[in-house]
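Everything on this sheet refers to the single structure shown next.
Read-outs throughout are calculated quantities, based only on the coordinates presented, and are distinct from any laboratory measurement. Nothing here was measured: the structure is a model prediction, and the numbers come from that model. All Cβ positions, glycine included, derive from the backbone under ideal geometry; neighbour counts span all protein chains shown.
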Amino acid sequence: MAARRKCMGTECEITAWHHDQGLVDKAMARGFDEMERIEGLMTSWRDSSDVAHINAAAGKAAVVVSPDTMAVVKKALWVAELSHGAFDITVGVFKGLWKFDEDNDGSLPDPKEVKRRLALVNYHDVIVDEVAHTVKLRREGQRLNLEGLAKGYAVDAAVRAIRDAGLKDFIVHAGGDLFAAGHRGDRDWRVGIQDPRAPHGKIIFELSLSDRAFNTSGDYERFVIRKGVRYHHILDARTGFPAREVRSVTLLAKDAFMADTLDTAIFAAGPKLGMKIIEDLPDVEGVMVDAKNRVHISSGLRGKLVKRGDPTDGP
C-alpha cells in the first residue's frame with residue numbers, strides 16, 4: 001500500500017506492508033501531517049515559519065524558535081565545522097540569485113553579485129541561545145536556509161508518528177531522503193543508487209535496508225548546462241558557486257536527519273574530505289560518484305552492494 005502527498009518542496013511517499021487498510025491509512029495520515037508540520041517551521045517560502053522570522057530579524061533581534069528548529073540549527077552548525085565551511089546554512093543569502101527551484105528560468109547570476117553576497121555567508125554569525133530558545137543572525141542581510149537538512153528531520157518525525165500509530169513495516173520517502181522501517185514481508189527492503197548521468201533512473205548499485213536511512217544528493221536533480229558546464233543547486237558555501245568535485249553522494253545512517261545533513265555537506269566538501277568524514281563517523285556509510293566518474297565506497301559497504309552497472313560519463 002502506498003500514498004503520496006506534496007510536501008517539503010517535493011513528492012513525499014509512504015509505502016506500507018500491512019493487511020489492515022484502516023491502520024495503514026491512519027498511520028500514513030499521521031506521517032504526512034508531521035512532515036507538513038516540520039515544513040511549516042523550517043521553509044523559507046512562508047512568512048510564518050521560524051526561518052522566515054529569523055531572516056526578517058537578521059542583525060536586529062534574536063527569535064524564539066521551536067525545539068525542532070533549534071535541533072536542526074544546532075546540527076547544521078556541527079556539520080558546518082565538520083565540512084570546513086563547505087556546508088553553511090547562511091547560504092540562504094543566495095535565494096533568488098541562483099534559480100533552481102520554481103523560479104528556474106535557465107539564467108545564471110552575475111559573478112560580481114555572487115561575490116557580494118558571499119561576504120554575508122558565515123555560520124559563525126548564527127547565534128544560538130539554548131536557555132532562551134532563540135536563534136539570531138549577527139548581520140543584517142544574512143539569511144538562513146535549512147532545506148539541506150530539514151527534509152531528513154521531517155522524515156524521522158514521520159517515522160516516529162507512523163510507529164506510534166502501530167505500523168512497523170514501511171518506507172518514508174521525500175525526494176532523495178528515505179527511511180526503511182522493518183521489512184517487506186519476510187525480507188528486507190531493496191533500494192537502488194542511481195547513475196547520476198544516465199536517463200530514466202538507471203541503477204548502478206542495489207542494497208538491502210532495514211531500519212536505516214538512505215539519502216542521496218546529486219547534481220542531476222535541479223540544474224542547467226551552459227557551454228558544457230553543469231550548474232546545479234548544491235552550493236559550495238566557500239565559493240558561492242555549485243560544488244564541482246562530486247556528481248552524487250548516497251549515505252546510509254541510523255536516521256534520516258543525520259544522513260540528509262551529511263550528504264549535502266559531503267557533496268560540497270568533495271571526495272577527499274567527504275570520504276574521511278564518512279570513515280570517521282560511527283554508523284555512517286556511503287557511496288560517492290566524483291566529477292571524474294570514479295566511484296568511492298566506504299569500508300563498511302564493501303562487499304554489501306549488488307552492482308548493476310557502471311556510471312555513465314557526461315557533463
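Scanning region 82-109 for residues that are in contact with a helix residue (DSSP H, G or I) (Cβ under 7 Å, 6 or more places away or on another chain) and of a type in the set (S, T, N, Q) gives SER83, THR90. For region 97-122, a residue qualifies if it is under 22 Å from the mean Cα position of the chain (by Cα) and exposed (fewer than 12 other Cβ atoms within 10 Å of the Cβ), and the qualifying residues are GLU102, ASP103. Please work out which residue is nearest to GLY9 (Cα to Cα), limiting yourself to region 210-222 and to residues that are touching a residue at least 60 places away in the same chain (Cβ under 8 Å) and surrounded by 17 or more Cβ atoms within 10 Å (Cβ to Cβ). It comes out as ASN215. For LEU207, the requirement of being under 13 Å from the mean Cα position of the chain (by Cα) and hydrophobic (A, V, I, L, M, F, W, C) is not met. Counting only strands (runs of 3 or more DSSP E) wholly contained in region 233-315, the ones carrying 3 or more residues that are surrounded by 19 or more Cβ atoms within 10 Å (Cβ to Cβ) occupy 246-253, 285-290. Taking the residues in region 123-147 that are surrounded by 12 or more Cβ atoms within 10 Å (Cβ to Cβ) and among the β-branched types (Val, Ile, Thr) as candidates, determine which candidate is nearest to PHE223 (Cα to Cα). Among those residues, the one meeting the criterion is VAL126.
Scanning region 35-92 for residues that are surrounded by fewer than 24 Cβ atoms within 10 Å (Cβ to Cβ) and aromatic (Phe, Trp, Tyr) yields TRP45, TRP78.
Scanning region 221-232 for residues that are on the phi < 0 side of the Ramachandran plot and assigned to a loop (DSSP other than H, G, I, E, B) yields GLU221, ARG222.
With respect to (1) surrounded by 21 or more Cβ atoms within 10 Å (Cβ to Cβ); (2) within 24 Å of ALA269 (Cβ to Cβ); (3) out of contact with any His (no Cβ under 9 Å at 6 or more places or on another chain), the lone exception for VAL229 is condition (1).
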